[in-house]
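Each value in this text was obtained by applying a stated rule to the coordinates, not by laboratory testing. Fair warning: this is a prediction, and the values are worked out from it, not measured in the lab. Here the Cβ positions follow ideal geometry from the backbone for every residue, glycine too, while neighbour counts run over all protein chains shown.
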Amino acid sequence: MTTPAQALGAYEKIVIDAPASTVWAKIRNFDALQDWLPPIAESPADKGNTPGSVRQLKVRGGGEAVETLVSHDEARMQYSYTAADGGALPVSGYMSTIKVSPQGQQSLVEWRGEFYRADRGDNPAADKNDETAVGTITSIYQGGLAALKKLVEG
């Protein structure tokens with residue numbers, strides 16, 4: 001018998017020395033993840049920034065994931081997306097939001113996600129346990145935000 005899995009989470013933030021509108025312009029398009037997230041080779045989306053749009057992620061070096069846009073809010077400079085199956089990631093039931101907020105002449109970028117480990121059994125494989133799931137998502141968020149900062153600040 002398996003026990004109900006607890007939702008896991010990851011949260012990362014970074015301050016970027018640029019106006020929020022400049023940072024948002026770099027990340028606002030759901031189909032342009034490859035422009036600022038180094039591991040992503042391609043991220044075409046069938047309906048652009050319209051909720052319900054599906055993007056097909058292709059990871060450099062192999063691996064894929066399919067994500068669906070849940071909401072896209074230009075005024076609040078944020079969007080949320082989900083991936084029922086984590087694809088190349090060791091997670092399932094993934095829901096994430098990325099948001100840009102003005103901080104004077106700087107920007108605060110926050111990226112958060114909730115998910116379950118891919119193997120919800122009592123004895124998950126070593127590469128599908130809670131620590132691996134949280135560590136993988138946290139690493140993606142940290143690397144992505146650092147790359148975004150470098151891209152925007154030059």
May I ask you to compute the full-extension gain from Asp17 to Lys47, defined as 0.36 nm times their residue separation minus their alpha-carbon distance, rounded to one decimal in nm? 7.7 nm
Read-out Rg/Rh (Cα atoms, Kirkwood Rh), candidates (1) 0.98; (2) 0.95; (3) 1.05; calculated match is (1)
Using the Karplus equation 6.51 cos²θ - 1.76 cosθ + 1.60 (θ = phi - 60°), what ³J(HN,Hα) coupling, rounded to whole Hz, does each residue of region 51-68 give in order, writing x for Gly and Pro? x, x, 4, 10, 10, 9, 7, 10, 8, 4, x, x, x, 9, 8, 10, 10, 10
What is the set of long-range amide H partners of Gln103 at a cut-off below 5 Å, with H atoms built 1.01 Å from backbone N? Ala20, Leu108
For the chain, the longest stretch holding no trypsin sites (Lys or Arg not before Pro) located in a DSSP loop with at most 16 other Cβ atoms within 10 Å is which? 1-46
Rounded to the nearest 0.05, what FRET efficiency do Asp35 and Ala84 give with R0 = 25 Å and r taken as the Cβ-Cβ distance? Could you check? 0.50
GluC sites (Glu not before Pro) within region 5-105, DSSP loop, no more than 14 other Cβ atoms inside 10 Å: Glu74
Calculate one ³J(HN,Hα) per residue across region 34-50 by plugging θ = phi - 60° into the Karplus curve 6.51 cos²θ - 1.76 cosθ + 1.60, and present them in order as whole Hz with x for glycine and proline. 5, 6, 9, 9, x, x, 8, 8, 8, 8, x, 10, 6, 10, x, 9, 7
Charge dipole of the chain about the Cα centre (unit charges at C-beta), most positive-ward option of Gly144, Ser92, Ala25: Ala25
Quick one: dipole size for the chain, taken about the Cα centre, charges +1 on Lys/Arg Cβ and -1 on Asp/Glu Cβ, in debye to the nearest 20. 280
Relative contact order of the chain, defined on C-alpha pairs under 8 angstrom at six or more residues apart (%): 29
If you fit an axis through the alpha-carbon atoms of helix 130-153 and take the longest principal axis of the Cα set of the chain, what angle between them do you get, 0 to 90°, nearest 10? 10
